[in-house]
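The values are calculated or read from the model by the stated rules, or taken from the named source; none is laboratory data. Just so it is clear, the model here is predicted, and its values are computed rather than measured. We place every Cβ from the backbone using ideal geometry, glycine too, and count neighbours over all the protein chains shown.
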């Protein structure tokens, strides 16, 4: 037991929490462009809908590798710029470059097939997003007392939603308001997408620079006064030995949340990969392989609008999460949200009018808002202060692993079990949302139990 005098961590006001999380608006701006339009860009470069999830395999693989590494080293970084800020600033610069290069992959067609360049840019983009994203989760836990974790992660989710709304809607806005062309020659990305990705790169960098400038991190000697545990890194374990020790000694709550995350993110990945093809085929009735017609591009723009709606709902819903949690607890809040997401995904199968497709996005928005906040709020109470970065990074395993499984199996399921009808990929996603809702009810949301069972005692 340490004899150090422990002082309570100061509560932050609204604008301090806002500035600390503002960079996530930029990250999600870029991430919305990736999730909403990368499949369309890859199809433009020649990817087949039956194989398109394989191109997305690079994204979760890079996240699985990079986030724990970034978490591990950010736990040990104490320099003039801070503990977490050096990493998300570096990630912002790389992400901005990747956003600019992805839609220009056809420019290297004389050397390498555009689809190969596009897949490589998708991998670089996701790696960069992960470098920028992981420290933000740890920063909330670093700077806020436990009593403000729900508020911190909820406001972060709200800003994520705002960024995603703008990113999802931007290609349509450029067409409708500024008359930027949305049709291009076969194999060429339309100008509205091209300019959207340029703007996304600039906004991402600007938002993260704002957080870097406006947010302070506690120096080691001050941070240590908030915790009984010794924050110095032990010399007994290092490198891979420490990594595997942390992996095998993760808190029980984290393992239980891993099951919830698997089902949730398998569903989300299916939605991101198959929605464009599902809407084009099931609602717009566009023939397979038609990727250059105005109808195909209109359907793609509408998918962006749909994604904008669910992100708008998630942003509003996130602000209400602390109030809902206060009345029914975190587990029930998350379970309800996931059920609404499942209903939304399955209901798309029964809709033929593209305007009505906005209704299911409400349920999906509730699920998305909760997925971005509740698991992290629950997790942050179960991990020790000196391991926040590494465990937030390891927690990403439970996000990337289901995406990898989906990448390897999702296209095969749609191709051979659903006769290449992507709409059934969304029905499958809805079923997985229901499974996640059931799993979260079995999670132990108790800080005291988790500390005792994992040996992390103060």
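For the reader, a short list of remarks on this structure follows.
- Look at the stretch 26-43: where a residue is touching a residue at least 40 places away in the same chain (Cβ under 8 Å) and at negative phi and a partner is outside any helix (DSSP H, G or I) and buried (at least 24 other Cβ atoms within 10 Å of the Cβ), sitting 6+ places away or on another chain with Cβ atoms under 8 Å, you get 38/56; 39/56; 43/49.
- Any chance residue 182 is farther than 30 Å from residue 83 by Cβ, surrounded by 17 or more Cβ atoms within 10 Å (Cβ to Cβ) and at pLDDT below 90: yes
- Residue check, residue 308 at pLDDT below 90 and farther than 30 Å from residue 43 by Cα: no
- Test set (1) within 21 Å of residue 415 (Cα to Cα); (2) modelled with pLDDT under 90; (3) buried (at least 19 other Cβ atoms within 10 Å of the Cβ) - residue 280 fails condition number: (2)
- For the stretch 288-307, filtered to residues that are out of contact with any helix residue (DSSP H, G or I) (no Cβ under 7 Å at 6 or more places or on another chain) and assigned to a helix (DSSP H, G or I), the residue that is surrounded by the fewest Cβ atoms within 10 Å (Cβ to Cβ) is 294.
- Test: residue in the stretch 199-215 that is crowded, with 16+ Cβ neighbours inside 10 Å, assigned to a helix (DSSP H, G or I) and in contact with a strand residue (DSSP E or B) (Cβ under 9 Å, 6 or more places away or on another chain): yes
- Residue count for the stretch 425-455 satisfying the condition of being within 12 Å of residue 257 (Cβ to Cβ), assigned to a helix (DSSP H, G or I) and modelled with pLDDT under 95: 1.
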